[in-house]
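Below is one structure; the comments refer to it alone.
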């Protein structure tokens, strides 16, 4: 076993038996893409709902040779990302990075990095809500039977009603998808922008929900079909002509920021830039060195 | 069946009280000073104040001490004491904008006008038991204070306040994400649930008042059930702030606003994803929920804001319709007062000899009835079988 | 030899609630006017029931409440698991294929069979409908399960079904709570018909409705039967309803089938004493 910076704790905080249990459930989840596998979620020194599911997966699979990246909302410097990285680093001593391409494990909340992930990389997603059927059937026992029988009629009625009442598929995040033609899966609060990036991807995606005590997975090269209608297609947040105010990227997911500017009436103004900050920084750097003005 | 009613309990009651006192003091440790409780158990004090619905930190500290840390009991003591006070006048409406903030965060935008201020928060603390606190000494306390003193010398505010900030909700109103404030502010006196019993349907002021003195655990449970599955709340935290809020009253003669002091308070606004389609033609907007507590009670303020939004949505019969227990206003408001709920639940300890005796009679009769019935059925079948075979 | 015309052939269906004991047989059954064993409290809901249902036929099941008629219907609906027995089903669209025993299907296949090949209408609309969805959404559910994925086409089909069941199609997006009892029965019928099922199950569909409303719902069912040659299994405690709709009838009492035959014959010349009582009290 590797030595840890704080000898009081095991490598990766939780004990080896618990880690093995988590790994067993991960294997089961990979074997049944999109199926929610129950696991004995341990209590961590982080509050429930703050990423404990993702953390346990990372803790169970991480090795001393791994290079870790932790993001929240695409941002490496977001407070929660900083905090989780600090815990993982303290209890494993692994190398951390902000560069997507340099990481072997990326733990994330709400985003998939913009740079395509490779087959030697694993993306661990923190999941708040596990079951897309929760909206139409909060009772777990009944929802489990519905998954077992792929009885998704009621969920489809929900989609139909959303079109009828709001004129569109009114689901912003947590978009439901069918995995490998079988299980309906919650995509966690990743924006719709990222949903299709799970489809037939090279990397392994592991989803962990600590409070709800479930693990599920999308293995490499697995099909993902969002719930949609022929006349009401699934749409991402992409708006024609959108552009990142920092790096000039025209095909990324953007978030709004308030920029302080004393000349302005409101004391500043709003602008949009890439939510994936490390990707954006890289491009800014490249733009600066090649002396190319952003488009 | 003989039940002997316990009577003549005066001595027993007095002895029981003495025993409680003895249990509290039997270890012989130094008695807690109220000032210690106020300063070092600030969440216990805050909870007693907001559930006891009386802003009085030292009295709340006394209540916490007397209740031996039981939060419902402490707020009960405080709420009972409140009945001895006369209501002089309502304060003037205050906006959270007037708060001298120690902390203000938003989860809806990464950067907000004025910026995110983490302030005093355990949110990102790795929850490991801290041995150092167990072995705190006068010297270590002095060292911590001295370090902060230096920061104050370098320009930080002595009471932790960072300053005044614009409200995120106001920005959202400007952007028409949420409904605008009414053009004419409602200057009528708010519903006071301490003067008028709550009746349904109730105005929003009654709902907010009732929620703000509700039991933290209860509000948390209802709000959680609504976001987890038994409901249709999709909240996003527009803003959470904690700090000092000035309290003003109108001068009885001149009508002029006079600041009479400051309270420490937590304020929360959440917006909910479900669009309101109460009026089908109106522009879809987010729905706003409001939460407020005395002291530093973030979980309660967030829970309250979620419930406010869910209840507003349910009243408006929004897009998703009302669903789940948390969308039932009567259910939520009538069961969330911890003092009422614990009082009634505890009352089952009172003698119920008379009612139980009546229940026993009913049970006896029911038993008799079943026995007779089953016997007569057997009898009937046996007779008929005999007849058939004969 | 001509191909058999039956669509459903049930035999040896049993359903009991309770452990059973050696004295059960001695005390239960129509002869004892009793379904529950007074010794072990086991209830015999359905005992050795069987029937054949032909393509395009309406078979009535009549009996008082507790006679086992709804249990029998729910076993055919694959919602109540039979303790033993067979329900052979011959798919009318592929008459040459071998019949399948519905009770041997796993949960997954039986779920899809129920959705696709069966339609059911309950006495209480909230059992058949999801009152949180719109009327259109309720009718759409089976279409969506059958992979209809075009909202426009789905809505055209819903409107067709609403017209067929004499519902105003412009109320497609209304809340079912705003519909009257009779209208809700029509919504249930529209939903049941949406997948063009082989078999329609009707469980006391007009009980609890006003007489005039009842008559109109029965008219509708009769018209659908006639126009679509729909095979139906109809449960009712009301001989009047049975008489109007069913060609053949099964009479149940205390979990047992006590008599079966052509409805007219049963009404004209009841054989079993219980049927005689039933007929004389109804007429």
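The values are calculated or read from the model by the stated rules, or taken from the named source; none is laboratory data. These figures come from a predicted structure and were not determined experimentally. Glycine also receives a Cβ, built like all others from the backbone with ideal geometry; neighbour counts cover every protein chain displayed.
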remark   = Those residues of segment A:239-259 which are within 12 Å of another protein chain (Cβ to nearest Cβ) and more than 20 Å from the chain's Cα centre (by Cα) amount to A:257, A:258, A:259
request  = Please work out if residue B:384 is outside the structural domain of residue B:214 (by TED's automatic domain parsing), in contact with a helix residue (DSSP H, G or I) (Cβ under 8 Å, 6 or more places away or on another chain) and over 30 Å from residue B:231 (Cα atoms).
outcome  = yes
query = In segment A:221-238, what residues are surrounded by 19 or more Cβ atoms within 10 Å (Cβ to Cβ), in contact with a helix residue (DSSP H, G or I) (Cβ under 6 Å, 6 or more places away or on another chain) and more than 11 Å from chain C (Cβ to nearest Cβ)?
reply = A:224, A:226
Any pair with Cβ under 6 angstrom, 6 or more apart, that starts in segment A:84-101 at a residue that is in the same structural domain as residue A:59 (by TED's automatic domain parsing) and ends at one that is assigned to a helix (DSSP H, G or I) = A:96/A:85; A:96/A:89; A:98/A:278
ask   = Can you name every residue in segment A:146-182 that is at pLDDT below 85, buried (at least 17 other Cβ atoms within 10 Å of the Cβ) and in a loop (DSSP other than H, G, I, E, B)?
value = A:169, A:170, A:171, A:174
ask   = With B:108, B:205 as the choices, which residue is at pLDDT 90 or above and surrounded by 11 or more Cβ atoms within 10 Å (Cβ to Cβ)?
value = B:205
inquiry  = Cβ-Cβ under 6 Å, sequence separation 6+ or interchain: first residue in segment A:181-196 and without any contact (Cβ under 8 Å) to a residue 40 or more places away in the chain, partner in a loop (DSSP other than H, G, I, E, B). Which pairs?
reply    = A:187/A:175
query = If only one of B:339, B:306 is more than 14 Å from chain C (Cβ to nearest Cβ), at pLDDT 90 or above, touching a strand residue (DSSP E or B) at 6+ places or on another chain (Cβ under 6 Å) and assigned to a helix (DSSP H, G or I), which one is it?
reply = B:306
query = Quick check, is residue B:211 touching a residue at least 24 places away in the same chain (Cβ under 8 Å) and not in a helix (DSSP H, G or I)?
reply = no
Residue in segment B:220-232 that is over 21 Å from residue B:286 (Cβ atoms) and modelled with pLDDT under 90 present = yes
inquiry  = Taking the conditions exactly as written (over 21 Å from residue A:136 (Cβ atoms) and away from chain A (no Cβ under 11 Å)), does residue C:168 satisfy them or not?
reply    = yes
task = May I ask you to list pairs of residues, at least six apart or on different chains, whose Cβ atoms are under 7 Å apart, with the first in segment B:91-117 being within 13 Å of another protein chain (Cβ to nearest Cβ) and the second being modelled with pLDDT under 90 and part of a helix (DSSP H, G or I)?
result = B:113/B:171
note = Taking segment A:117-145 and keeping only residues that are in a loop (DSSP other than H, G, I, E, B) and either closer than 30 Å to residue A:158 by Cα or within 14 Å of chain B (Cβ to nearest Cβ) (or both), one is left with A:127, A:128, A:129, A:130, A:131, A:136, A:137, A:138, A:139
request  = Go over the candidates C:16, C:26 one by one and state the one that is in contact with a helix residue (DSSP H, G or I) (Cβ under 9 Å, 6 or more places away or on another chain) and within 14 Å of another protein chain (Cβ to nearest Cβ).
outcome  = C:26
query = Could you say which residue among C:146, C:140 is touching a helix residue (DSSP H, G or I) at 6+ places or on another chain (Cβ under 8 Å) and at pLDDT below 95?
reply = C:146
ask   = How many residues, within segment B:153-192, are on the phi > 0 side of the Ramachandran plot, assigned to a loop (DSSP other than H, G, I, E, B) and surrounded by fewer than 17 Cβ atoms within 10 Å (Cβ to Cβ)?
value = 2
task = Could you tell me whether any residue of segment B:58-70 is at pLDDT below 95, closer than 26 Å to residue B:190 by Cβ and surrounded by 21 or more Cβ atoms within 10 Å (Cβ to Cβ)?
result = no
ask   = From the list B:333, B:350, which one is under 28 Å from residue B:194 (Cβ atoms) and not assigned by TED's automatic domain parsing to the domain that holds residue B:217?
value = B:350
inquiry  = Out of the helices (runs of 4 or more DSSP H) lying entirely within segment C:56-163, which hold 2 or more residues that are under 16 Å from the mean Cα position of the chain (by Cα) and more than 14 Å from chain A (Cβ to nearest Cβ)?
reply    = C:69-76, C:125-128
request  = Check C:84, C:67 and return the single one that is in contact with a strand residue (DSSP E or B) (Cβ under 8 Å, 6 or more places away or on another chain), at pLDDT 90 or above and surrounded by fewer than 22 Cβ atoms within 10 Å (Cβ to Cβ).
outcome  = C:84
